[in-house]
Amino acid sequence: MSTTRRDFLAGTAAGALGAAGLVAAGGLLRARTAQAAPPDSTISVKPCTVVVFLRGGQDSLNTFVPFGDPRYYDLRPTIAIPAAGQARGALPAEGIFGFHPAMTGFKRLWDEKLLAAIVNTGSPNGSRSHFDCQDFIDFGTVGDKSVHQGWLNRYLAATSSGTPEGEFRALAMQGRLPRSLRGDYPVLAVPDRLTFRGDNGEDVLALFDDLYKAPPSMKGPAQMGTRPDEDALTQNGRTTIDTLRKLESILATKPAGELKYPISAGRLGVQLQKTARVIKSGLGLQVVGIDVGGWDTHINEGGPAETDTMWRMLAGLSEAITTFLDDVKDMRRYVTVLVVTEFGRTNEENGNRGTDHGHGYTMFAAGGPVRGGKAYGEWAGLEPARTYMNRDLAVTTDYRTVFSELLLDHMKLHPSKQLFPKFTPPEARLGLFA
(Lines give C-alpha, C1' and ligand atoms only; values in the text may rest on other atoms or scores of the structure.)
Protein backbone atom coordinates (compact mmCIF):
# COMPACT_ATOMS: atom_id res chain seq x y z
CA MET A 1 0.00 0.00 0.00
CA SER A 2 2.82 2.41 0.83
CA THR A 3 4.49 1.75 -2.53
CA THR A 4 1.23 2.42 -4.33
CA ARG A 5 0.76 5.64 -2.40
CA ARG A 6 4.29 6.81 -3.19
CA ASP A 7 3.81 6.18 -6.89
CA PHE A 8 0.44 7.90 -6.72
CA LEU A 9 1.91 11.00 -5.07
CA ALA A 10 4.70 11.24 -7.61
CA GLY A 11 2.33 10.69 -10.52
CA THR A 12 -0.17 13.21 -9.22
CA ALA A 13 2.47 15.89 -8.77
CA ALA A 14 3.61 15.27 -12.33
CA GLY A 15 -0.03 15.50 -13.35
CA ALA A 16 -0.34 18.86 -11.64
CA LEU A 17 2.64 20.11 -13.62
CA GLY A 18 1.25 18.63 -16.80
CA ALA A 19 -2.14 20.21 -16.26
CA ALA A 20 -0.45 23.56 -15.79
CA GLY A 21 1.78 23.00 -18.81
CA LEU A 22 4.94 22.99 -16.70
CA VAL A 23 7.67 20.38 -16.39
CA ALA A 24 10.27 19.90 -13.69
CA ALA A 25 13.62 18.50 -14.75
CA GLY A 26 14.95 15.90 -12.36
CA GLY A 27 11.46 15.00 -11.13
CA LEU A 28 9.52 16.98 -8.55
CA LEU A 29 10.61 20.42 -7.52
CA ARG A 30 12.96 20.38 -4.57
CA ALA A 31 11.43 21.72 -1.40
CA ARG A 32 12.76 25.24 -1.00
CA THR A 33 12.15 28.04 1.40
CA ALA A 34 9.77 30.56 -0.13
CA GLN A 35 11.41 33.89 -0.83
CA ALA A 36 9.28 37.00 -0.98
CA ALA A 37 10.40 39.75 -3.33
CA PRO A 38 12.40 42.31 -1.34
CA PRO A 39 11.48 46.00 -1.48
CA ASP A 40 12.70 47.77 -4.61
CA SER A 41 15.46 49.52 -2.65
CA THR A 42 16.95 46.24 -1.49
CA ILE A 43 16.50 43.99 -4.52
CA SER A 44 19.64 41.96 -5.08
CA VAL A 45 19.91 40.76 -8.67
CA LYS A 46 22.25 37.91 -9.59
CA PRO A 47 24.02 37.60 -12.96
CA CYS A 48 21.42 36.37 -15.45
CA THR A 49 21.80 34.76 -18.86
CA VAL A 50 18.99 34.41 -21.41
CA VAL A 51 19.84 31.98 -24.20
CA VAL A 52 17.77 32.51 -27.35
CA PHE A 53 18.24 29.51 -29.66
CA LEU A 54 17.26 30.15 -33.29
CA ARG A 55 16.22 26.64 -34.30
CA GLY A 56 16.63 25.61 -37.90
CA GLY A 57 20.02 27.04 -38.83
CA GLN A 58 19.94 30.82 -39.05
CA ASP A 59 21.47 32.63 -42.04
CA SER A 60 24.09 34.93 -40.56
CA LEU A 61 25.35 36.27 -43.90
CA ASN A 62 22.06 38.13 -44.36
CA THR A 63 21.99 39.15 -40.68
CA PHE A 64 25.49 40.43 -39.95
CA VAL A 65 26.14 41.26 -43.57
CA PRO A 66 29.70 41.27 -45.02
CA PHE A 67 28.71 43.95 -47.54
CA GLY A 68 32.36 44.98 -47.93
CA ASP A 69 33.30 41.60 -49.39
CA PRO A 70 32.53 41.72 -53.13
CA ARG A 71 32.23 37.95 -53.33
CA TYR A 72 29.13 38.18 -51.15
CA TYR A 73 27.23 39.71 -54.07
CA ASP A 74 28.57 37.13 -56.52
CA LEU A 75 27.26 34.33 -54.32
CA ARG A 76 23.85 35.91 -53.69
CA PRO A 77 22.68 37.69 -56.81
CA THR A 78 18.98 37.88 -55.80
CA ILE A 79 18.89 37.80 -51.98
CA ALA A 80 21.95 39.85 -50.99
CA ILE A 81 21.47 42.91 -48.78
CA PRO A 82 22.67 46.10 -50.53
CA ALA A 83 25.78 47.82 -49.21
CA ALA A 84 25.57 50.45 -46.50
CA GLY A 85 24.46 53.79 -47.90
CA GLN A 86 22.23 52.28 -50.57
CA ALA A 87 18.45 51.99 -50.44
CA ARG A 88 17.48 49.30 -47.93
CA GLY A 89 21.16 48.77 -47.40
CA ALA A 90 23.01 47.26 -44.46
CA LEU A 91 23.18 49.33 -41.29
CA PRO A 92 26.93 49.90 -40.82
CA ALA A 93 28.55 48.23 -37.82
CA GLU A 94 32.31 47.57 -38.11
CA GLY A 95 34.56 47.37 -41.15
CA ILE A 96 32.96 45.29 -43.88
CA PHE A 97 29.99 44.35 -41.68
CA GLY A 98 26.54 45.79 -41.20
CA PHE A 99 23.16 44.65 -39.88
CA HIS A 100 20.19 43.66 -42.01
CA PRO A 101 18.16 46.88 -42.53
CA ALA A 102 15.27 45.46 -40.47
CA MET A 103 17.50 45.27 -37.37
CA THR A 104 17.40 48.90 -36.27
CA GLY A 105 17.19 47.80 -32.64
CA PHE A 106 20.42 45.78 -32.90
CA LYS A 107 22.07 48.73 -34.61
CA ARG A 108 21.17 50.97 -31.66
CA LEU A 109 22.43 48.41 -29.12
CA TRP A 110 25.65 48.16 -31.12
CA ASP A 111 26.13 51.92 -31.12
CA GLU A 112 25.49 51.94 -27.35
CA LYS A 113 28.12 49.21 -26.99
CA LEU A 114 25.58 46.78 -25.59
CA LEU A 115 25.82 44.27 -28.46
CA ALA A 116 28.70 42.24 -29.83
CA ALA A 117 28.99 39.81 -32.74
CA ILE A 118 31.20 36.73 -32.80
CA VAL A 119 31.85 35.84 -36.44
CA ASN A 120 32.71 32.40 -37.82
CA THR A 121 31.43 30.70 -34.69
CA GLY A 122 30.29 27.09 -34.62
CA SER A 123 31.15 23.50 -33.91
CA PRO A 124 34.29 21.76 -35.15
CA ASN A 125 32.00 18.84 -35.98
CA GLY A 126 31.05 18.91 -39.66
CA SER A 127 27.51 17.54 -39.37
CA ARG A 128 24.70 19.42 -41.11
CA SER A 129 21.97 17.48 -39.31
CA HIS A 130 19.56 19.68 -37.37
CA PHE A 131 19.09 17.01 -34.71
CA ASP A 132 22.76 16.25 -34.16
CA CYS A 133 23.96 19.85 -34.22
CA GLN A 134 21.21 21.07 -31.90
CA ASP A 135 22.01 18.27 -29.47
CA PHE A 136 25.72 19.00 -29.56
CA ILE A 137 25.19 22.67 -28.76
CA ASP A 138 22.52 22.01 -26.11
CA PHE A 139 24.72 19.44 -24.39
CA GLY A 140 27.95 21.39 -24.90
CA THR A 141 29.76 18.65 -26.81
CA VAL A 142 31.27 18.05 -30.24
CA GLY A 143 30.28 14.76 -31.83
CA ASP A 144 29.78 13.09 -28.43
CA LYS A 145 26.35 11.54 -28.01
CA SER A 146 27.10 10.04 -24.60
CA VAL A 147 26.33 13.31 -22.77
CA HIS A 148 22.66 13.82 -21.92
CA GLN A 149 22.72 16.68 -19.45
CA GLY A 150 22.45 20.20 -20.81
CA TRP A 151 25.33 22.65 -20.40
CA LEU A 152 23.12 25.15 -18.57
CA ASN A 153 21.80 22.45 -16.26
CA ARG A 154 25.37 21.41 -15.52
CA TYR A 155 26.14 24.99 -14.59
CA LEU A 156 23.14 25.13 -12.24
CA ALA A 157 24.13 21.87 -10.59
CA ALA A 158 27.81 22.83 -10.30
CA THR A 159 26.97 26.15 -8.61
CA SER A 160 24.16 24.91 -6.38
CA SER A 161 24.83 25.69 -2.74
CA GLY A 162 22.75 22.76 -1.50
CA THR A 163 20.63 25.20 0.49
CA PRO A 164 17.33 26.80 -0.54
CA GLU A 165 18.08 28.94 -3.62
CA GLY A 166 14.63 30.22 -4.58
CA GLU A 167 12.09 28.62 -6.82
CA PHE A 168 12.90 30.62 -9.92
CA ARG A 169 16.64 30.31 -10.37
CA ALA A 170 16.13 28.84 -13.85
CA LEU A 171 13.17 28.86 -16.24
CA ALA A 172 12.35 27.79 -19.77
CA MET A 173 9.94 30.41 -21.11
CA GLN A 174 8.08 27.81 -23.15
CA GLY A 175 6.12 24.63 -22.65
CA ARG A 176 9.07 22.27 -23.13
CA LEU A 177 12.51 22.38 -21.60
CA PRO A 178 15.32 22.98 -24.11
CA ARG A 179 17.86 20.18 -23.87
CA SER A 180 20.37 22.70 -22.55
CA LEU A 181 18.26 22.93 -19.36
CA ARG A 182 17.54 19.23 -18.94
CA GLY A 183 19.36 17.30 -16.24
CA ASP A 184 19.48 16.69 -12.52
CA TYR A 185 18.85 20.27 -11.46
CA PRO A 186 15.10 21.07 -11.37
CA VAL A 187 13.96 23.66 -13.91
CA LEU A 188 10.44 24.89 -14.63
CA ALA A 189 9.07 25.15 -18.16
CA VAL A 190 6.50 27.93 -18.51
CA PRO A 191 3.84 27.63 -21.22
CA ASP A 192 2.62 30.57 -23.26
CA ARG A 193 -0.70 30.62 -21.46
CA LEU A 194 0.10 30.25 -17.78
CA THR A 195 -3.17 30.00 -15.93
CA PHE A 196 -4.57 27.56 -13.42
CA ARG A 197 -8.21 28.45 -14.02
CA GLY A 198 -10.51 26.01 -15.75
CA ASP A 199 -13.06 27.03 -18.36
CA ASN A 200 -15.61 27.52 -15.59
CA GLY A 201 -13.23 29.64 -13.49
CA GLU A 202 -12.37 26.77 -11.17
CA ASP A 203 -8.96 26.94 -9.48
CA VAL A 204 -7.22 23.85 -10.88
CA LEU A 205 -4.44 23.90 -8.28
CA ALA A 206 -7.02 23.85 -5.48
CA LEU A 207 -7.87 20.30 -6.53
CA PHE A 208 -4.45 19.26 -5.21
CA ASP A 209 -4.49 21.26 -1.98
CA ASP A 210 -6.10 18.60 0.18
CA LEU A 211 -3.85 15.91 -1.21
CA TYR A 212 -0.69 17.74 -0.18
CA LYS A 213 -1.76 19.21 3.15
CA ALA A 214 -0.61 16.08 4.98
CA PRO A 215 -0.02 12.40 4.20
CA PRO A 216 -3.43 10.83 3.47
CA SER A 217 -4.72 8.39 6.08
CA MET A 218 -7.38 5.72 5.77
CA LYS A 219 -6.93 3.73 8.97
CA GLY A 220 -4.01 5.46 10.62
CA PRO A 221 -0.27 5.68 10.00
CA ALA A 222 0.29 1.99 10.55
CA GLN A 223 -1.89 1.16 7.54
CA MET A 224 -0.56 3.83 5.19
CA GLY A 225 3.08 3.98 6.27
CA THR A 226 4.90 7.06 7.45
CA ARG A 227 8.27 6.64 5.79
CA PRO A 228 10.39 9.81 5.47
CA ASP A 229 10.42 9.53 1.67
CA GLU A 230 6.62 9.73 1.67
CA ASP A 231 6.72 12.87 3.78
CA ALA A 232 9.30 14.32 1.40
CA LEU A 233 7.06 13.56 -1.58
CA THR A 234 4.17 15.29 0.15
CA GLN A 235 6.35 18.31 0.90
CA ASN A 236 7.58 18.41 -2.68
CA GLY A 237 4.02 18.33 -3.89
CA ARG A 238 3.14 21.20 -1.57
CA THR A 239 6.20 23.14 -2.76
CA THR A 240 5.23 22.56 -6.38
CA ILE A 241 1.73 23.95 -5.85
CA ASP A 242 3.04 26.98 -3.94
CA THR A 243 5.67 27.64 -6.61
CA LEU A 244 3.15 27.54 -9.43
CA ARG A 245 0.85 29.93 -7.58
CA LYS A 246 3.69 32.37 -6.99
CA LEU A 247 4.82 32.20 -10.61
CA GLU A 248 1.27 32.80 -11.84
CA SER A 249 1.06 35.87 -9.62
CA ILE A 250 4.41 37.28 -10.81
CA LEU A 251 3.60 36.86 -14.48
CA ALA A 252 0.11 38.32 -14.08
CA THR A 253 1.38 41.48 -12.37
CA LYS A 254 2.52 44.39 -14.52
CA PRO A 255 5.48 46.10 -12.81
CA ALA A 256 5.58 49.88 -12.59
CA GLY A 257 7.29 51.36 -15.62
CA GLU A 258 7.04 48.23 -17.74
CA LEU A 259 7.58 48.95 -21.44
CA LYS A 260 5.12 47.98 -24.12
CA TYR A 261 6.55 45.28 -26.37
CA PRO A 262 5.70 45.88 -30.04
CA ILE A 263 3.38 43.45 -31.79
CA SER A 264 6.13 42.88 -34.36
CA ALA A 265 8.26 41.34 -31.57
CA GLY A 266 5.87 38.39 -31.71
CA ARG A 267 5.95 35.44 -29.36
CA LEU A 268 9.57 36.12 -28.41
CA GLY A 269 8.53 39.54 -27.18
CA VAL A 270 5.90 37.98 -24.92
CA GLN A 271 8.43 35.46 -23.59
CA LEU A 272 10.99 38.16 -22.87
CA GLN A 273 8.36 40.35 -21.21
CA LYS A 274 7.62 37.49 -18.82
CA THR A 275 11.35 37.04 -18.26
CA ALA A 276 11.66 40.73 -17.38
CA ARG A 277 8.84 40.43 -14.84
CA VAL A 278 10.58 37.56 -13.06
CA ILE A 279 13.91 39.42 -13.07
CA LYS A 280 12.22 42.49 -11.58
CA SER A 281 10.61 40.37 -8.85
CA GLY A 282 14.04 40.07 -7.27
CA LEU A 283 13.74 36.31 -6.76
CA GLY A 284 17.16 35.48 -8.16
CA LEU A 285 16.50 34.41 -11.76
CA GLN A 286 19.82 33.37 -13.34
CA VAL A 287 19.18 31.20 -16.39
CA VAL A 288 16.44 31.37 -19.03
CA GLY A 289 16.08 29.26 -22.17
CA ILE A 290 13.94 30.28 -25.15
CA ASP A 291 13.62 28.57 -28.55
CA VAL A 292 12.63 30.47 -31.69
CA GLY A 293 11.81 28.23 -34.64
CA GLY A 294 11.40 28.84 -38.35
CA TRP A 295 14.99 29.57 -39.44
CA ASP A 296 15.37 26.67 -41.90
CA THR A 297 15.11 28.98 -44.92
CA HIS A 298 15.50 26.72 -47.94
CA ILE A 299 12.80 28.55 -49.89
CA ASN A 300 11.93 32.24 -50.34
CA GLU A 301 14.28 33.53 -47.68
CA GLY A 302 14.31 36.82 -49.51
CA GLY A 303 16.54 39.82 -49.23
CA PRO A 304 15.95 43.47 -48.31
CA ALA A 305 12.23 43.79 -49.09
CA GLU A 306 9.91 44.32 -46.11
CA THR A 307 7.69 41.53 -47.45
CA ASP A 308 10.53 39.02 -47.33
CA THR A 309 10.59 36.27 -44.70
CA MET A 310 13.94 37.32 -43.26
CA TRP A 311 12.88 40.96 -42.89
CA ARG A 312 9.91 39.99 -40.72
CA MET A 313 11.84 37.47 -38.63
CA LEU A 314 14.91 39.64 -38.07
CA ALA A 315 12.81 42.68 -37.23
CA GLY A 316 10.95 40.64 -34.61
CA LEU A 317 14.17 39.24 -33.13
CA SER A 318 15.82 42.66 -32.97
CA GLU A 319 12.81 44.48 -31.53
CA ALA A 320 12.08 41.80 -28.92
CA ILE A 321 15.63 41.74 -27.52
CA THR A 322 16.07 45.52 -27.68
CA THR A 323 12.77 46.16 -25.88
CA PHE A 324 13.67 43.55 -23.26
CA LEU A 325 17.01 45.20 -22.47
CA ASP A 326 15.30 48.58 -22.31
CA ASP A 327 12.64 47.09 -20.02
CA VAL A 328 15.20 45.77 -17.53
CA LYS A 329 17.37 48.88 -17.87
CA ASP A 330 17.80 49.41 -14.12
CA MET A 331 19.10 45.83 -13.83
CA ARG A 332 20.66 45.55 -17.28
CA ARG A 333 24.21 45.46 -15.92
CA TYR A 334 23.42 41.96 -14.64
CA VAL A 335 21.75 40.60 -17.79
CA THR A 336 23.21 38.98 -20.92
CA VAL A 337 21.24 37.69 -23.90
CA LEU A 338 23.07 35.10 -26.01
CA VAL A 339 21.69 34.40 -29.51
CA VAL A 340 22.78 31.05 -30.95
CA THR A 341 21.80 28.63 -33.71
CA GLU A 342 22.88 25.09 -34.63
CA PHE A 343 24.72 26.01 -37.85
CA GLY A 344 24.79 28.69 -40.53
CA ARG A 345 23.61 28.52 -44.13
CA THR A 346 25.43 28.03 -47.41
CA ASN A 347 27.33 31.05 -48.68
CA GLU A 348 25.68 30.73 -52.08
CA GLU A 349 21.94 31.07 -52.54
CA ASN A 350 20.06 28.12 -54.01
CA GLY A 351 17.58 28.07 -56.90
CA ASN A 352 14.61 28.86 -54.64
CA ARG A 353 15.79 32.25 -53.32
CA GLY A 354 16.88 30.49 -50.17
CA THR A 355 19.95 28.87 -48.63
CA ASP A 356 20.79 25.35 -47.48
CA HIS A 357 22.42 23.83 -44.40
CA GLY A 358 25.87 25.27 -43.79
CA HIS A 359 28.54 25.37 -41.09
CA GLY A 360 29.86 28.54 -39.41
CA TYR A 361 27.65 31.45 -38.35
CA THR A 362 27.60 34.67 -36.31
CA MET A 363 26.64 34.50 -32.63
CA PHE A 364 25.40 37.59 -30.78
CA ALA A 365 25.80 38.65 -27.16
CA ALA A 366 23.83 41.61 -25.81
CA GLY A 367 23.45 43.25 -22.41
CA GLY A 368 25.14 45.34 -19.76
CA PRO A 369 28.11 43.00 -19.09
CA VAL A 370 28.97 42.74 -22.82
CA ARG A 371 31.92 44.66 -24.27
CA GLY A 372 29.79 45.66 -27.22
CA GLY A 373 30.17 47.64 -30.41
CA LYS A 374 32.75 45.17 -31.64
CA ALA A 375 33.05 42.09 -33.85
CA TYR A 376 34.98 39.25 -32.20
CA GLY A 377 36.61 36.21 -33.73
CA GLU A 378 38.52 35.73 -36.97
CA TRP A 379 36.66 36.47 -40.20
CA ALA A 380 37.81 33.81 -42.66
CA GLY A 381 36.22 35.39 -45.73
CA LEU A 382 34.20 33.99 -48.62
CA GLU A 383 36.94 32.95 -51.04
CA PRO A 384 36.60 29.19 -51.73
CA ALA A 385 39.99 28.34 -50.23
CA ARG A 386 38.96 30.03 -46.96
CA THR A 387 35.56 28.37 -46.67
CA TYR A 388 34.45 25.02 -45.32
CA MET A 389 34.27 22.47 -48.14
CA ASN A 390 34.18 25.33 -50.65
CA ARG A 391 30.61 26.21 -49.73
CA ASP A 392 30.11 27.30 -46.08
CA LEU A 393 31.55 29.75 -43.60
CA ALA A 394 34.53 28.20 -41.84
CA VAL A 395 34.51 27.87 -38.05
CA THR A 396 37.35 29.82 -36.44
CA THR A 397 35.80 30.17 -32.96
CA ASP A 398 34.53 27.06 -31.18
CA TYR A 399 31.12 27.91 -29.72
CA ARG A 400 32.28 26.46 -26.39
CA THR A 401 34.82 29.27 -26.16
CA VAL A 402 31.93 31.74 -25.98
CA PHE A 403 29.97 29.57 -23.56
CA SER A 404 33.02 29.19 -21.31
CA GLU A 405 33.70 32.92 -21.16
CA LEU A 406 30.03 33.57 -20.46
CA LEU A 407 30.05 31.20 -17.49
CA LEU A 408 33.42 32.27 -16.11
CA ASP A 409 33.29 36.02 -16.64
CA HIS A 410 29.59 36.83 -16.48
CA MET A 411 28.04 34.03 -14.42
CA LYS A 412 31.07 33.84 -12.07
CA LEU A 413 31.69 30.11 -12.38
CA HIS A 414 34.86 29.18 -10.52
CA PRO A 415 37.77 28.69 -12.97
CA SER A 416 38.50 25.26 -11.52
CA LYS A 417 35.22 23.90 -12.88
CA GLN A 418 35.25 22.52 -16.42
CA LEU A 419 31.74 21.89 -17.70
CA PHE A 420 32.53 21.05 -21.32
CA PRO A 421 33.88 17.52 -21.84
CA LYS A 422 37.09 17.17 -23.84
CA PHE A 423 37.41 20.93 -24.30
CA THR A 424 40.14 23.29 -23.16
CA PRO A 425 39.49 27.01 -23.71
CA PRO A 426 42.17 28.73 -25.81
CA GLU A 427 44.77 30.78 -23.99
CA ALA A 428 43.91 33.83 -26.11
CA ARG A 429 40.56 34.89 -24.69
CA LEU A 430 37.95 36.76 -26.68
CA GLY A 431 37.33 39.15 -23.77
CA LEU A 432 33.60 39.43 -24.46
CA PHE A 433 32.50 40.32 -20.94
CA ALA A 434 33.51 43.09 -18.60
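The values are calculated or read from the model by the stated rules, or taken from the named source; none is laboratory data. Values in this document were obtained by computation on a predicted structure and should not be read as measured data. Note that each Cβ is placed from the backbone with ideal geometry, even for glycine, and that neighbours are counted across all protein chains shown.
Given the structure, is LEU314 at pLDDT below 95, buried (at least 22 other Cβ atoms within 10 Å of the Cβ) and among the aliphatic types (A, V, I, L, M)?
In short, no.
Identify, from the list LEU283, LEU314, the residue that is of a type in the set (A, V, I, L, M), more than 13 Å from the chain's Cα centre (by Cα) and in a loop (DSSP other than H, G, I, E, B).
After applying the criteria, what remains is LEU283.
When you check THR355 against the structure, is it closer than 19 Å to ARG55 by Cα and either of a type in the set (Asp, Glu) or over 22 Å from the mean Cα position of the chain (by Cα) (or both), yes or no?
It is true that THR355 is closer than 19 Å to ARG55 by Cα and either of a type in the set (Asp, Glu) or over 22 Å from the mean Cα position of the chain (by Cα) (or both).
Kindly establish whether VAL187 is surrounded by 15 or more Cβ atoms within 10 Å (Cβ to Cβ), in contact with a strand residue (DSSP E or B) (Cβ under 7 Å, 6 or more places away or on another chain) and modelled with pLDDT under 95.
Taking the combined requirement at face value, the residue satisfies it.
Which of the residues spanning region 58-107 are within 21 Å of ALA380 (Cα to Cα), among the hydroxyl-bearing types (Ser, Thr, Tyr) and in a loop (DSSP other than H, G, I, E, B)?
Answer for region 58-107, where residues must be within 21 Å of ALA380 (Cα to Cα), among the hydroxyl-bearing types (Ser, Thr, Tyr) and in a loop (DSSP other than H, G, I, E, B): just THR63.
Taking the options ARG400, ARG371, name whichever one is surrounded by 17 or more Cβ atoms within 10 Å (Cβ to Cβ), out of contact with any Lys or Arg (no Cβ under 7 Å at 6 or more places or on another chain) and under 29 Å from ALA276 (Cβ atoms).
Criteria check complete, one pass: ARG400.
Say whether the condition of being within 30 Å of PHE67 (Cβ to Cβ) and either free of Cβ contacts under 8 Å to residues at least 24 places away in the same chain or more than 22 Å from the chain's Cα centre (by Cα) (or both) is met by at least one residue in region 146-159.
no
At pLDDT below 95, among the basic types (Lys, Arg) and at positive phi, is that true of LYS417?
Considered against the rule, which asks whether it is at pLDDT below 95, among the basic types (Lys, Arg) and at positive phi, LYS417 comes out as no.
Quick one: ASP330 ticks every box in (1) touching a Lys or Arg at 6+ places or on another chain (Cβ under 7 Å); (2) modelled with pLDDT under 95; (3) of a type in the set (Asp, Glu) except a single one, so which number is it?
(1)
Checking GLY282 against (1) surrounded by fewer than 24 Cβ atoms within 10 Å (Cβ to Cβ); (2) small (Gly, Ala, Ser); (3) touching a strand residue (DSSP E or B) at 6+ places or on another chain (Cβ under 7 Å), which single condition isn't satisfied?
Evaluating GLY282 over (1) surrounded by fewer than 24 Cβ atoms within 10 Å (Cβ to Cβ); (2) small (Gly, Ala, Ser); (3) touching a strand residue (DSSP E or B) at 6+ places or on another chain (Cβ under 7 Å) leaves (3) as the failure.
Name every residue in region 118-151 that is within 25 Å of THR63 (Cβ to Cβ), in a loop (DSSP other than H, G, I, E, B) and β-branched (Val, Ile, Thr), in order of residue number.
VAL142
Condition check ((1) polar (S, T, N, Q); (2) out of contact with any strand residue (DSSP E or B) (no Cβ under 9 Å at 6 or more places or on another chain); (3) within 22 Å of MET331 (Cβ to Cβ); (4) in a helix (DSSP H, G or I)) across all residues:
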residue	(1), (2), (3), (4)
THR240	yes, no, no, yes
LYS246	no, yes, yes, yes
LYS260	no, yes, yes, no
SER264	yes, yes, no, yes
THR275	yes, no, yes, yes
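Assuming ASP132 fulfils every condition listed in (1) over 16 Å from the mean Cα position of the chain (by Cα); (2) within 21 Å of VAL335 (Cα to Cα); (3) surrounded by fewer than 22 Cβ atoms within 10 Å (Cβ to Cβ); (4) of a type in the set (D, E, K, R) apart from one, which condition is it?
Every condition holds for ASP132 apart from (2).
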